[in-house]
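Chemist: Let me give you the structure first, and then I'll get to my questions.
The values are calculated or read from the model by the stated rules, or taken from the named source; none is laboratory data. Computed from a predicted model, the values in this text were never measured in an experiment. When we count neighbours, we look across all protein chains shown, and the Cβ atoms used for this are built from the backbone with ideal geometry, even at glycine. Just so you know, the surface numbers come from the protein's heavy atoms only, side chains and all, with ligands and any DNA or RNA stripped out. Shrake-Rupley method; radii C 1.70, N 1.55, O 1.52, S 1.80 Å.
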Amino acid sequence: MAGELILVVEDNERNLRLVRDVLHHGGFRTIEASTGEDGVALARRHEPDLILMDVQLPDIDGVEALGRLRRAPETAALPVVAVTAFAMKNDRARFLAAGFDGYLEKPISVRLLPAQVQRFLTARETEAPR
Ligand code: MN
């Protein structure tokens, strides 16, 4: 159960380091990308168990990256969670409508992140209805 591979796509180096450290401490393995295109490429190559996708990225944004993953057969079914700093009220519905499997709001909680990631992994395994 432990040791699942998490792809973290995040362009802010401090945030990336924080998420990586927290996930490693929680027993997960990580691979990391700082652009949307690199994230899509890593997802194809490694087929991670879960992708944490920052929405605001320097090249293609997280929504476009998600679209590319969904259009490619080998990555279409990977669970992808949007990570966003947008504080707007309707974001959650908007990102779920875009096809993300879930939604995490920045700032990431160091305390809660491992359990949140585990919940997304478990939800995917059991195909829990929304
Ligand atoms: Mn960003």
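Chemist: Treating the chain as a set of equal point scatterers at the Cα positions, no solvent, please give the Debye-formula log₁₀ I(q)/I(0) at q = 0.11 Å⁻¹.
Modeler: -0.32
Chemist: Cα convex hull of segment 30-87: mean projected area in nm², to one decimal?
Modeler: Mean shadow area of the hull around the Cα atoms is 3.7 nm².
Chemist: Report the accessible area of residue 84, computed with a 1.4 Å probe over the heavy atoms of all protein chains in place, in Å² rounded to the nearest 10.
Modeler: Around 0 Å² of this residue is reachable by solvent.
Chemist: Ordering 10, 74, 32 from largest to smallest accessible area (1.4 angstrom probe), what's the sequence?
Modeler: 74, 32, 10
Chemist: Continuing with this model, one more query. Of the accessible area of segment 5-125, with the probe set at 1.4 angstrom, what percent is carbon plus sulfur?
Modeler: Solvent-exposed carbon and sulfur of segment 5-125 make up 50 percent of the total.
Chemist: Points 7 angstrom from Cα along the Cβ direction at residue 125 and residue 112: gap in nanometres?
Modeler: Between residue 125 and residue 112, the label points sit 2.2 nm apart.
Chemist: Put 81, 63 in order of accessible area, largest first, 1.4 Å probe: what do you get?
Modeler: Reading off the accessible areas and sorting them downward yields 63, 81.
Chemist: Considering only protein heavy atoms, what is the solvent-accessible area of residue 108 at a probe of 1.4 Å, reported in Å² to the nearest 10?
Modeler: Residue 108 has an accessible surface of roughly 40 Å² with all protein chains in place.
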